[in-house]
Amino acid sequence: MIDPSARIEAGAVIGDGVTIGPFCTVGPNVTIGEGARLISHVNVTGHTTIGARTVVYPFASLGTPPQSLGYKGEPTRLDVGSDCDIREHVTMNTGTAADRGVTTVGNNCFFMVGSHVAHDCVVGNKVIFANNVLLGGHSQIGDNVVFGGGVAVRQFVRIGEGAMIVGLSGVRADVIPYGMAHGPLANLVGLNVVGMRRRGLSKSDLHRVRDAYQALFFGEGEFRARFERVAAEYGSDPLIGKMIDFIRAGKRPLTMAIKRGETDDGA
């Protein structure tokens, strides 16, 4: 299952049923889980773990050092989950000693051509990156987030579970769970209703989240007062509670909600 032209360094751990195609290189501190496939011309280096059944396409480079001037060669890591699809020219860096020391990618993620995951990022499960999506260092991406093509995410930004970032947006600040961000500075323009429906949320669920969103961003008074009212009224709701907890945990500003009427498409 290993092509003769591939180079596997001593110390690498290769699981059962792994396929390593022509001209791949695998470093000495790499672990590749069972059933994974490196199609061809794949570079896996550093202290890197690739999960079971993950498929990596040509010219992807995983586990290279962080693009950080503060990095001094420490043995930091990259951990990629199982059942991921990593397409051509994707790059993922290890972490830095100044932060977590590890870059983490969850399970069942889809990285289209040219995507980049920078040092110390945390990417959740079932995240979709369209072509040429770029994550700055220390970003945190929740489960089921979808990125359109050409999105760039500033370092330290958090994007909540189930959010949608429209293509060609530049994300400069945190995006709430289930939010939809759009534009050169990624303003918050509503809720990702289509994504919520696809994950099986009911019509009543959508209405509750929409009502909380409207009260939070378009209600009377200052934001802090609106936030406390919404937390008191909806905080026990499992969906809206995620939004409340996300905002409470934030150390950076949220994207600004600037438009009414885009929180749903007829729900």
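The values are calculated or read from the model by the stated rules, or taken from the named source; none is laboratory data. These figures come from a predicted structure and were not determined experimentally. When we count neighbours, we look across all protein chains shown, and the Cβ atoms used for this are built from the backbone with ideal geometry, even at glycine.
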message = Checking the conditions here, which among 62, 135, 69 is among the hydrophobic types (A, V, I, L, M, F, W, C), over 14 Å from the mean Cα position of the chain (by Cα), modelled with pLDDT of 95 or more and buried (at least 23 other Cβ atoms within 10 Å of the Cβ)?
response = 62
message = With the requirement that a residue be loosely packed, with under 13 Cβ neighbours inside 10 Å and among the aliphatic types (A, V, I, L, M), what does segment 2-31 give you?
response = 10
request  = Grab the strands (runs of 3 or more DSSP E) fully contained in segment 45-105, keeping just those with 2 or more residues being of a type in the set (D, E, K, R).
outcome  = 77-80
message = Just to be sure before I move on: is residue 35 touching a Lys or Arg at 6+ places or on another chain (Cβ under 6 Å), surrounded by 17 or more Cβ atoms within 10 Å (Cβ to Cβ) and either at pLDDT 95 or above or not small (Gly, Ala, Ser) (or both) in the structure I sent?
response = yes
ask   = Does residue 141 satisfy being over 26 Å from residue 36 (Cα atoms) and crowded, with 21+ Cβ neighbours inside 10 Å?
value = no
Which numbered condition residue 252 fails, given (1) touching a residue at least 24 places away in the same chain (Cβ under 8 Å); (2) over 25 Å from residue 153 (Cα atoms); (3) assigned to a loop (DSSP other than H, G, I, E, B) = (2)
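I'd like to know if segment 165-183 contains one or more residues that are in the same structural domain as residue 77 (by TED's automatic domain parsing), of a type in the set (Val, Ile, Thr), under 24 Å from residue 84 (Cβ atoms) and not in a loop (DSSP other than H, G, I, E, B).
no
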